Every structure is written in C-alpha cells, then in structure tokens.
Amino acid sequence: MWKRGERNQEGDVVLIHYQDKPMAYARIEAIEPDMKKDWYQVTLLFLTIPAQTVTWILREAYIQGELFTMGGQPVRLEKVEKQKIGDRTQNTGDRINEQNKGEKGQTTKNPQPTVQNVKVLPFKKEK
C-alpha cells in the first residue's frame, strides 16, 4: 500500500489518544480497503488485559495520525517508534562477559549477570 517506515502500517504499534489523552496501545493487525473509496478497514489489537480486537473504518489520513472523531469525541493514532537497542545490548553483553571471565581470560560457558540492589516484594494473598 505504501512504503515501510514512512507511515503506519500492519505490524506497527500505535498509541491511541482519546479526548486528547493517551488511552491505550494497539498493534495494527490489518489494513484493508473498504467498499467506500479512500476508506480502509483497520483491525487493531488493543494491548490491554484482556487483549481486544476491533475494526475501525478510517481514511488514510486518520491512520497516519490526523485527528478524527468517534461519537463526537476526538481520537488520534500516534505511531510508537521502535527503540534502538543494538548499542545497549552490546554494551551490556560486554560488561557481563567481563564479569564472568574465568582463568586465562576466557568467558565461562554459562555466564550469569550480577544482580545488585534488588528488593524482593512479598506476595500477599487476599483473605
């Protein structure tokens, strides 16, 4: 339909704003043409507990973040950008490998990260 990265499309996570306030995250499951020209059936998986699937009929501009209304209330989809974790993962891995080096500077077979400053919260059953 359109080029990846430029616009919201299937597989993207969006933050849904309702009445100008963030309401929920959702993943775009499908975008299919509607019978009305220039409108699309957008299937969203709300990332809530429990997860819910809804289908909204929207124009492309609304899918891309333009404000629209539902039942007279303002709604907007905001794309959630993917986080770049490559550098962080590499740095963390290097630190763990340094902590787990055995004799002769070789990394042990099953490196275990060192955990510090951890507070255990007890689970309390309701009576």
Practice problem: Check off (1) at pLDDT 95 or above; (2) more than 19 Å from residue 7 (Cα to Cα); (3) of a type in the set (Val, Ile, Thr) for residue 49 and give me the number that stays unchecked. | Solution: (1)
Quiz item: Filter region 49-75 for residues that are of a type in the set (Val, Ile, Thr) and under 21 Å from the mean Cα position of the chain (by Cα); which is surrounded by the most Cβ atoms within 10 Å (Cβ to Cβ)?
Solution: 63
Practice problem: Would you please list the contacts, defined by Cβ atoms under 8 Å and residues six or more apart or on different chains, that run from a residue in region 37-62 that is assigned to a strand (DSSP E or B) to a residue that is surrounded by 16 or more Cβ atoms within 10 Å (Cβ to Cβ) and small (Gly, Ala, Ser)? | Solution: 44/26; 45/26; 46/26
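The values are calculated or read from the model by the stated rules, or taken from the named source; none is laboratory data. All of these numbers come straight from a predicted model, not from anything done at the bench. Neighbour counts run over all protein chains shown; Cβ positions are idealised from the backbone, glycine included.
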